[in-house]
Structures are given as C-alpha cells and as structure tokens.
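I have placed the structure first, in the form of structure tokens, so that the comments after it can refer back to it.
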Amino acid sequence: MIAALGLLLGIVAGLFLEPTVPVWLQPYLPIAVVAALDALFGGLRSLLDGIFDDKVFVVSFVANVLVAALIVFLGDQLGVGAQLSTGVVVVLGIRIFSNAAAIRRHLFRA
Amino acid sequence: MSLLTNLMENSLDAGYAEAAERRRAGEASSGGPWVFAAGMVLIGLLVAVAAAEARNRAPAVDETREALGNEIAERTAVADRLENELTELRAAVDQARADALQLTAAGTQLADQLTALETATGAGAVQGPALTVHLEDAEEAQVDGSVDPRTDDEDAQGRVTDRDLQTVVNELWAAGAEAIAVNEQRLTALSAIRSAGQAVLVDFRPLSPPYDIVAIGDTDRLQTRFVDGFGGTYLDVLETYGIEHDVGTEDAVRLPAASGLPVRRATVPEPAGGAG
C-alpha cells in the first residue's frame with residue numbers, strides 16, 4: 001500500500017514539479033528508465049515467487065540505473081556510446097522479457 | 001549461446017534468493033516498508049521525468065528548425081536589402097561622378113574614357129545593336145532533362161555543354177563583339193564558363209537551357225564574321241547532334257553590368273591641385 005502510494009507520489013511529483021534535467025544527464029534518461037523497468041519486473045517476479053525483499057529491490061534498482069548510466073557514459077567517452085546503449089538495452093530487455101514470462105506463468109499458469 | 005541462456009535462465013536478481021535464504025536462517029528482514037516506498041518514489045519520479053522530457057524534446061526539434069528557417073529568411077531579407085542599397089549607392093556614385101566630370105573639359109574626356117573602359121571590362125551596363133545566338137538542347141536531351149541537371153551524370157549527346165558555350169562566346173569575341181552576355185550574365189575578361197554535373201555555370205552561377213548569347217557590336221560585321229567563320233561551322237556541327245540554333249540581330253539591347261566584379265588593385269591618386 002505504502003509502495004503504491006510512493007509510486008504515485010513519485011509520478012505526480014515528476015509531472016507537476018517538472019524538474020529540468022541538465023543537458024549532460026539527458027542521454028542517460030531512457031537507459032535509466034529501462035533499468036528501472038528491469039528492477040520493477042524483477043521485484044514483481046520475486047514477489048510472486050514469495051522471496052521478495054525490500055532492501056534487495058531498492059538496492060538493485062538504484063544499482064541498475066547507476067551501472068547502466070555508467071556503461072553508457074563510458075561508451076560515450078570511448079566513442080561507442082550508441083553500441084553500448086544497444087548492448088545495455090538488449091541485456092535488460094531480455095531480462096525484462098524472461099521476468100515477464102515468469103510472472104505470466106505465475107498468474108495464468110501457462 | 002551460453003551468455004544468452006544464462007541471461008534467460010537467471011533473469012531474477014540473485015539477491016532475492018540470498019535474502020530469502022538469510023530470512024530462512026532467522027535473520028530479520030533488512031529493509032522495511034519505508035525503504036521500499038522510497039524506492040518506488042524514485043521509480044515514479046524517474047519514469048515521470050523521462051516521459052516529460054521525451055514529450056518536451058519533440059517540439060524542441062521543431063522549434064530549432066523553425067528558428068533556423070526564420071533566421072534564413074531574415075538574413076536573406078537583410079542581404080536583399082543591402083544589395084538594393086548597394087545598387088542605389090552605385091547609381092548615386094555614378095551620377096555624382098558623371099556630374100563632377102562634366103565640369104571640366106579634361107573631366108569630359110575622362111568620362112568618355114571611363115565609359116569605354118566600363119564597356120570593355122563589363123563593369124557598366126551597355127546598350128546597342130546586338131547579334132543573338134539562341135541554343136537549345138536536342139529534344140531527346142530535354143526529355144531526359146526532367147532529371148535534376150546538377151545530379152544527372154548520364155552522358156547526353158544532345159545537350160549544350162560548357163565547351164559549346166565557350167566556343168561560341170570566343171568566336172563572338174573574335175568576330176568583334178564589344179560586350180557579351182549569356183542568359184543575362186554579363187561576361188568579363190575574367191568570366192569562367194564551366195560545368196558542374198550537367199549544369200553550365202557562368203561565373204559559378206548555374207544557367208538553365210535554352211541559352212541566349214547576346215553580343216553587342218557592329219551587327220553586320222559580327223554576323224558576317226561569326227557565321228562565315230568557325231562559329232557558324234561549329235553551330236552546324238552541333239546541329240548534327242540535334243542542338244538547334246538560331247542566329248539573329250536586334251536593334252537595341254541592354255546588357256546588365258557584370259555582377260561581383262571585385263577590385264583587385266587600387267592606388268591612391270596623387271593629390272592634384274584643386275581636387276580634394
């Protein structure tokens with residue numbers, strides 16, 4: 001319950017406060033969102049598996065976002081930012097897909 | 001493939017399993033609802049900000065393009081205005097010079113000399129009887145001409161090339177032309193007739209067919225010497241490629257001054273008595 005309220009609060013705050021994102025941070029936003037989605041789906045699946053843990057969830061989310069951004073940043077500095085972004089998106093995308101598949105198996109038993 | 005398989009099979013963060021293991025061992029859960037809620041706030045914030053950012057970025061691109069377009073229009077207008085101003089000022093200077101030179105006998109002589117020089121160099125507009133040569137691409141080449149002439153590299157035999165125009169112009173000079181213009185582009189001693197792709201450039205300005213070459217001079221002499229000389233022969237040769245030509249005369253034609261005639265050399269005149 002608190003979690004749902006928190007999510008809502010975050011979205012509302014983001015939409016209404018409209019914090020200006022510094023230009024240097026803008027390229028990492030999409031990657032950060034994909035990383036956040038990965039953490040979200042991971043958390044949901046662990047919840048259905050019955051092994052959910054608050055701390056692991058939050059830490060994995062923050063770490064995912066930071067590592068993804070760091071990899072892309074590193075790629076930008078090396079001149080292979082686009083390729084590394086693709087790599088990050090592919091890896092996180094596969095994880096999201098298989099987690100979503102696990103959630104589907106839990107929910108529909110199919 | 002082991003990498004992909006590994007990804008597919010261990011998609012869940014190993015941390016969850018470890019945490020569950022610890023809990024089973026009797027340790028208290030480390031986090032708490034507030035940590036969880038804080039994480040959710042962060043996620044919500046991130047998604048909302050990213051969404052707002054993505055929505056803002058699309059109009060920003062349009063705005064940039066529009067701003068650039070406006071700037072182009074603005075600068076073009078400024079350039080046009082400046083060009084008009086330049087033309088006006090030039091006319092004023094010419095008028096003032098003519099007025100000043102009219103005052104003395106020596107000045108009148110200078111003015112005549114100036115007019116002659118301007119005619120010869122192309123710096124001034126000229127008027128007079130002229131021989132005109134009209135050149136038109138062969139019809140089959142014109143059909144092909146629907147393609148952008150600047151990019152079409154296909155070899156077209158029936159097309160008027162820079163070489164053709166060069167030959168005709170040179171023959172006209174040789175026949176005694178005093179001033180020549182191709183499609184209203186006045187030629188000077190430094191003019192270049194070249195080509196880029198299939199387009200003919202005169203002083204780096206692209207021309208489009210058909211080509212009208214106007215040569216001011218003694219029309220009778222011009223016509224005789226041009227048509228009977230190599231020029232006429234050359235036009236007849238072009239005819240075999242299907243390039244139509246039409247040579248005629250006109251009683252009074254006005255040719256514009258050459259555009260962009262740069263000053264290459266200038267000296268300060270010796271201060272003569274009386275002149276300021």
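None of the figures in this text is laboratory data; all of them are computed from the coordinates on show. None of the values given here were measured: they were computed from a predicted structure. Backbone-built Cβ (ideal geometry, glycine too); neighbour counts: all protein chains shown.
Quick rundown of the values:
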read-out: Euclidean distance of C-alpha centroids, the stretch B:2-71 and the stretch A:36-110, integer Å; value: 8
read-out: Spin-label proximity, B:E250 to the stretch B:94-126 - amide N less than 17 Å from point 7 Å beyond Cα toward beta carbon; value: B:125-126
read-out: Selection from B:Y211, B:I243, B:Q166, by position along the positive dipole direction of the stretch B:165-276 (Cβ); value: B:Q166
read-out: Options B:V93, B:T76, B:A54, ranked by Cα towards positive dipole end of the stretch B:31-103, top entry (Cβ charges); value: B:A54
read-out: Extreme residue, positive dipole direction of the protein assembly as shown, given options B:V200, A:T86, B:G107 (C-beta unit charges); value: A:T86
read-out: Charge context of B:R55, other residues only, Cβ under 13 angstrom, K/R +1, D/E -1; value: -2
read-out: Loop GluC sites (Glu not before Pro), the stretch B:18-77 (other Cβ atoms within 10 Å of the site Cβ: 15 or fewer; DSSP); value: B:E27
read-out: Mean residue ellipticity (222 nm) of chain A, computed from DSSP H runs ≥ 4 via -39,500 (n - 2.57), nearest 500; value: -28500 deg cm²/dmol
read-out: Fewest-first sequence of A:L7, B:L3, A:L15 by Cβ atoms within 10 Å of each Cβ; value: B:L3, A:L15, A:L7
read-out: Share of Cα-Cα pairs in the stretch B:127-255 lying beyond 24 Å, as whole percent; value: 25
read-out: Point-to-point label distance, B:L110-B:T132, nm (Cα→Cβ direction, 7 Å offset); value: 3.9
read-out: Value of [θ]222 nm, deg cm²/dmol, for chain B, DSSP H segments ≥ 4, -39500 (n - 2.57) each, nearest 500; value: -18000 deg cm²/dmol
read-out: Peptide A:94-107 - average C-beta neighbours from other chains (10 Å radius); value: 2
read-out: Residue among B:G232, B:G26, B:G176 with the largest mean-square fluctuation in a Gaussian network model of chain B, springs linking Cα atoms under 10 Å; value: B:G26
read-out: Net dipole in debye of chain A [+1 Lys, Arg Cβ; -1 Asp, Glu Cβ; about Cα centre; nearest 20]; value: 420
read-out: B:D228/B:T161 FRET efficiency (R0 30 Å; Cβ-Cβ; nearest 0.05); value: 0.80
read-out: Net +/- balance of residues flanking A:V59 in space, Cβ distance below 11 Å, scoring K and R +1, D and E -1; value: -2
read-out: Burial ordering of B:Y234, A:Y28, fewest other beta-carbon atoms within 10 Å first; value: B:Y234, A:Y28
read-out: The protein assembly as shown: mean projected area of Cα convex hull, nm²; value: 36.7
read-out: Cα-based equivalent ellipsoid, chain A: semi-axes from gyration tensor eigenvalues, Å; value: 27, 20, 11
read-out: Shielding by other protein chains, A:25-35, mean Cβ within 10 Å; value: 3
read-out: Förster radius 45 Å - calculated FRET efficiency between A:Q77 and B:S208 (Cβ-Cβ, nearest 0.05); value: 0.35
read-out: From the C-alpha gyration tensor of the stretch A:6-60, square roots of 5λ in Å; value: 26, 14, 8
read-out: A:R109-B:D94 pseudo-label distance in nm [points 7 Å out on the Cα-to-Cβ vector]; value: 9.8
read-out: Rotationally averaged projected area of the stretch B:1-128 (alpha carbon convex hull; nm²); value: 21.6
read-out: Cα convex hull of the stretch B:31-103, projected area averaged across orientations, nm²; value: 7.6
read-out: Between helix A:2-17 and chain A: long-axis angle, C-alpha atoms, 0 to 90°, nearest 10; value: 30
read-out: Gaussian network model of chain B, Cα within-10 Å springs - most flexible of B:A17, B:A73, B:A177; value: B:A17
read-out: Most mobile listed residue (B:P209, B:P129, B:P59) in chain B, GNM with C-alpha springs under 10 Å; value: B:P59
read-out: Overall dimensions of chain B as given by Cα atoms, namely Rg and Dmax in Å; value: 36.7, 120
read-out: Net charge over other residues, Cβ less than 12 angstrom from the Cβ of B:I180 (K, R count +1; D, E count -1); value: -3
read-out: Cβ-derived FRET efficiency at R0 22 Å, B:E139 paired with B:A174, nearest 0.05; value: 0.15
